[in-house]
Amino acid sequence: MTAMTAEANFSEIIQRPKDTVARMQFNARRGLLLRRRDEEDLYLTTAARAACHLHPGSRRG
C-alpha cells in the first residue's frame, strides 16, 4: 500500500493557512504538495523532517 501525499492548490495556503498546513498532520508522509498553476509545484514539510532528508546520518530532536 502506497502512502498518499496530501495536496492543495497554492491559493489555499494563502487563503486558509492553518487549515491547509493542518493537512500535513493527518498525512503519512507529513508533507503537503502545493499545486501551482503556471509554476513548478512545491512540497511543504517541517524543518525537522527536511533536516533528516538533507543529513540522513544525523538525528535531531
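The values are calculated or read from the model by the stated rules, or taken from the named source; none is laboratory data. Here the structure is a predicted model, which means the values were calculated and not measured. Methodologically, a virtual Cβ is constructed for each residue, glycine included, from the backbone with ideal geometry; neighbour enumeration extends over all protein chains shown. Surface accessibility is based on the protein's heavy atoms, side chains included, excluding ligands, DNA and RNA. Shrake-Rupley method; radii C 1.70, N 1.55, O 1.52, S 1.80 Å.
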May I ask you to derive the FRET efficiency for Asp19 and Ala50 from their Cβ-Cβ distance with R0 = 25 Å, giving the value to the nearest 0.05? 0.70
Using mean Cβ contacts within 10 Å as the protection proxy, how do 47-53, 35-41 order, highest first? 47-53, 35-41
Which of (i) 5.3; (ii) 6.5; (iii) 4.5 is the computed mean projected area of the Cα convex hull in nm²? It is (i)
Measuring with a 1.4 Å probe in the full set of protein chains, what accessible area per residue, in whole Å², belongs to segment 8-61? 83 Å²
Restricting the count to DSSP beta bridges whose residues both fall in the chain, what percent are antiparallel, rounded to a multiple of 5? 50 percent
Of the heavy-atom accessible surface of the chain (probe 1.4 angstrom), what whole percent is carbon and sulfur? 53 percent
Spin-label model distance (nm) - Arg30 vs Leu42, 7 Å beyond Cα toward Cβ: 2.0 nm
When only C-alpha pairs under 8 Å and at least 6 residues apart count, what is the relative contact order of the chain, in percent? 28 percent
